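Asks: Starting off with a structure, shown below.
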Amino acid sequence: MRTLFSVVLAVVIALPVVPTINTQTSPDEPDPELARLVTWMTGSFSSQAQAKADSSYFDIRLEMAPIWTDRTDGYWLYVEQAAADYLDKPYRQRVYHVHRIDDTTLASDVYTFEEPLRFAGAWKDSHPLAALTPDSLSAREGCAILLYADGDTAFVGSTVDKNCSSDLRGASYATSEVRITADYLYSWDRGFDSNDNQVWGAESGGYHFDKITRE
């Protein structure tokens, strides 16, 4: 007589193997759309033209450089933002992790790190932030930007709802809206208090950063 164990074993062996689903793109499975987004994000950007046309905007320089290029969990970028007159004193330094969420959604997760000014100008290095690893970073929970292709000419996206907390200048939360093309990057960052009143950020629209040749 067949035992219960032998019956169960026979059923298990007969079951088909169901492959696991992996949403991350491996080196053997290139993701042209994700690669295009990162290519457009990488480089030097300037809001000089916008600042000259409208005095309510400042001349800001934005640098984004690839880091940890041997990793296979998406793309990592070092991001540095500074006023044109104070390039050696950036006011924002971040690490972005750009990766795919699903068939239509890409994400740019945002990270901070300790003593960022020690890395000011690191975008010029051949291997930026080589002294850091992902476990050195602190995630800005709720501040990831979800991005979607707008045809073949742009990516558009934003943060989600009021999930990105901020205490800058009395804010309760922050929002970001972006549009990225091969030639420019549009970014509108704003902070709001608990009553949804804007307390920081450009009021009439975001910053328009033209892609420029690195000096």
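The values are calculated or read from the model by the stated rules, or taken from the named source; none is laboratory data. Here the structure is a predicted model, which means the values were calculated and not measured. Note that we place each Cβ from the backbone using ideal geometry, even for glycine, and neighbour counts take in every protein chain shown.
Asks: Out of 111, 78, report the one residue that is aromatic (Phe, Trp, Tyr), free of Cβ contacts under 8 Å to residues at least 60 places away in the same chain, surrounded by 13 or more Cβ atoms within 10 Å (Cβ to Cβ) and out of contact with any helix residue (DSSP H, G or I) (no Cβ under 7 Å at 6 or more places or on another chain).
Replies: Result of the check over 111, 78: 111.
Asks: Can we say residue 117 is within 16 Å of residue 93 (Cβ to Cβ), loosely packed, with under 13 Cβ neighbours inside 10 Å and at pLDDT 95 or above?
Replies: Considered against the rule, which asks whether it is within 16 Å of residue 93 (Cβ to Cβ), loosely packed, with under 13 Cβ neighbours inside 10 Å and at pLDDT 95 or above, residue 117 comes out as yes.
Asks: Okay, next question. Looking at region 39-62 only, could you name the residues that are within 18 Å of residue 119 (Cα to Cα) and in contact with a Lys or Arg (Cβ under 8 Å, 6 or more places away or on another chain)?
Replies: Scanning region 39-62 gives 43, 44.
Asks: Evaluate region 27-39: report whether one residue or more is surrounded by 17 or more Cβ atoms within 10 Å (Cβ to Cβ) and in contact with a helix residue (DSSP H, G or I) (Cβ under 8 Å, 6 or more places away or on another chain).
Replies: No, that holds for no residue.
Asks: Tell me yes or no: at least one residue of region 125-144 is within 20 Å of residue 63 (Cβ to Cβ), touching a Leu at 6+ places or on another chain (Cβ under 8 Å), surrounded by 16 or more Cβ atoms within 10 Å (Cβ to Cβ) and not aliphatic (A, V, I, L, M).
Replies: no
Asks: Let me ask something else. Take the residues in region 167-193 that are closer than 21 Å to residue 57 by Cβ and in a loop (DSSP other than H, G, I, E, B), then tell me which one is nearest to the chain's Cα centre (by Cα).
Replies: This residue is 181.
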